[in-house]
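The next block holds one structure in the form of structure tokens; read it before the comments.
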Amino acid sequence: MDSIYLGEQIKALSKISKAIASDLYLEDILRLIVTVTAQLMESNICSLMLIDEKKKEIIIRATQSISEEYNKKPPLKLGEGIAGKVIKENKPIVIKDVTKEKEYKYADIAKKEGLCSLLCVPLSVKGKIIGVLNCYTSAPHDFTDTEIDILTTIANQAAVAIENTELIVKSRVIQEELETRKKVERAKGILIRGEGLTEEQAYLKIQKFSMDRRKTMREVAEAIILTEDMKKIT
């Protein structure tokens, strides 16, 4: 791997920054990150792995590799393999030859794909480790401090993009829940006034109708509100 020129670094980081600030889907952003990183680092495989908190696994979320075998390799358990060690220790790890490394879990795939040296850095945002970014070479390579710093910078940018997307999704979910709650409360009020029900009875009636008709509580509440509004018009 030849030395990486400053101009190429700036161009690559600029591409990634623009992608993160764009309205691209997260999957497209991550794919662009690994593609640009592979080009910049002259790596034959670059992959981004994230922690699945529920399953306690580390899974591949993006790679520019066209190898079906590499892309479909099974997830690692938390704490397992080089990625697990990087996450646990929260620091980059360099392996000169993965095919000879006992802690590397997929030496057979590495041999088939011609993978040799590995640089694995943590994806960190606000002190939380959410995954790793891997960079492989096809020949033995001594990663320089500059290369480690570049990959760490890219990993941190990727982590920010992931966190921002998750926050947006959570915000939408919370907003949906608030809107549903408001409509259910309004529908309950209509039933309480119109049928003389208690608050609990009104809620249970909406819930039962929802289950019987296989409709969401929100859909039932909206139907009750619409019926009431139509009465006012007529």
Check whether at least one residue in the stretch 80-88 is assigned to a helix (DSSP H, G or I), in contact with a Gly (Cβ under 7 Å, 6 or more places away or on another chain) and assigned by TED's automatic domain parsing to the domain that holds residue 14, and report yes or no. yes
In the stretch 57-87, what count of residues is obtained for those that are among the basic types (Lys, Arg) and either surrounded by fewer than 13 Cβ atoms within 10 Å (Cβ to Cβ) or in contact with a Phe, Trp or Tyr (Cβ under 9 Å, 6 or more places away or on another chain) (or both)? 2
Would you point out which residue out of 160, 173 is β-branched (Val, Ile, Thr), surrounded by fewer than 17 Cβ atoms within 10 Å (Cβ to Cβ) and modelled with pLDDT of 80 or more? 160
Scanning for something of a type in the set (Val, Ile, Thr), crowded, with 19+ Cβ neighbours inside 10 Å and either in the same structural domain as residue 46 (by TED's automatic domain parsing) or not in a helix (DSSP H, G or I) (or both), does the stretch 103-110 turn up at least one residue? no
So residue 44 clears everything in (1) of a type in the set (S, T, N, Q); (2) out of contact with any helix residue (DSSP H, G or I) (no Cβ under 7 Å at 6 or more places or on another chain); (3) under 23 Å from residue 163 (Cβ atoms) except one condition, right? Which one? (3)
Of the conditions (1) part of a helix (DSSP H, G or I); (2) touching a residue at least 40 places away in the same chain (Cβ under 8 Å); (3) buried (at least 16 other Cβ atoms within 10 Å of the Cβ), residue 153 satisfies every one except a single condition; which number is it? (3)
Mind checking whether some residue in the stretch 34-54 is exposed (fewer than 13 other Cβ atoms within 10 Å of the Cβ) and among the charged types (D, E, K, R)? yes
Does residue 125 fit the bill of being on the phi < 0 side of the Ramachandran plot and at pLDDT 95 or above? no
Within the stretch 217-234, which residues are surrounded by 11 or more Cβ atoms within 10 Å (Cβ to Cβ) and of a type in the set (Ser, Thr, Tyr)? 227
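The values are calculated or read from the model by the stated rules, or taken from the named source; none is laboratory data. Keep in mind that what you see is a predicted model, and the values were worked out from it rather than measured. Positions of Cβ are backbone-derived with ideal geometry, glycine not excepted, and every protein chain shown enters the neighbour counts.
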